[in-house]
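A short worksheet on the structure shown next.
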Amino acid sequence: MWTDAKGAGWTNPFRQEVVDYNIAIAVEVAQMGFDEIQVDYVRFPSDGDVTTIAYEEAENTMENRTAAINSFLAQLRTALRPWQVFTSVDLFGLTVSVAPSSDMGIGQRVDDIAPLVDYVCPMIYPSTYISGNFGFEEPANHPYDVVYRATQDALRRTKTKIRPWLQHYSWQVTYGLEELQLQRQAAEDAGAWGWTFWNAGGRYNYEELFISPQEQPPPP
């Protein structure tokens, strides 16, 4: 098993055993009555010295990586068809903005993946972008612009609905209600099909984020 610098273990996307295991979980969840299956970490390892990974099943090339990820999602869609559930996939935020031919070394190529799911959910967390991305020295200081431009990049790549993940935490830059609202507004202005906030602890402190402007009470 490949373990990264933090000691976390990764499964091998080339192995059909791994594919079957995850699909079985998705089917079980669909049978329970959930109307959407969202898959996360649908990728090859990116942490640690990945150049030392040796796969028995296939050579670690972009073509093989993308084929493995695409095959998993295609099999997932087929397996879930009897329950008519929606499917969505979480992708690295930058995948929607890099060259279409790039898989960023992890097997995620938007143009291949998008037709296989109902929703593409890029993780557009401004604090995870590095200096120079979108022309900003510190992208985290520009929550509206980063989310708007990344969402627009995604929409230009596919007709599949885009529903980005937005940052509901502080890292490098403090994010309060204003920064969170700017991200939501950017996603809506850019034409996203909704949005989802993410916080590792599941703590969402601002009710205003989840109420439409029309429903919010007027200021005192």
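The values are calculated or read from the model by the stated rules, or taken from the named source; none is laboratory data. A quick note: this is a predicted structure, and the numbers were derived from the prediction, not measured. All Cβ positions, glycine included, derive from the backbone under ideal geometry; neighbour counts span all protein chains shown. For the accessible areas, the whole protein counts, side chains as well, though only heavy atoms, and no ligand, DNA or RNA atoms are used. Shrake-Rupley method; radii C 1.70, N 1.55, O 1.52, S 1.80 Å.
Computed quantities for the displayed model
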| item | result |
| --- | --- |
| Residues satisfying the stated conditions in the range 120-132, i.e. open to solvent by 30 Å² or more (accessible area, probe 1.4 Å) and either in a helix (DSSP H, G or I) or out of contact with any helix residue (DSSP H, G or I) (no Cβ under 8 Å at 6 or more places or on another chain) (or both) | T128, G132 |
| Of residues in the range 23-39 being in contact with a strand residue (DSSP E or B) (Cβ under 9 Å, 6 or more places away or on another chain) and among the charged types (D, E, K, R), the one most open to solvent (accessible area, probe 1.4 Å) | D35 |
| In the range 168-199, residue farthest from the chain's Cα centre (by Cα) [restricted to those that are open to solvent by 60 Å² or more (accessible area, probe 1.4 Å) and of a type in the set (S, T, Y)] | T174 |
| Filtered residue count, the range 1-53, keeping only those that are hydrophobic (A, V, I, L, M, F, W, C), closer than 22 Å to G105 by Cα and outside any helix (DSSP H, G or I) | 10 |
| Matching residues, the range 158-178, being touching a strand residue (DSSP E or B) at 6+ places or on another chain (Cβ under 9 Å) and either of a type in the set (F, W, Y) or modelled with pLDDT under 95 (or both) | W165, Y169, Y175 |
| Subset tally (residues that are free of Cβ contacts under 8 Å to residues at least 12 places away in the same chain, β-branched (V, I, T) and surrounded by 15 or more Cβ atoms within 10 Å (Cβ to Cβ)) for the range 40-92 | 0 |
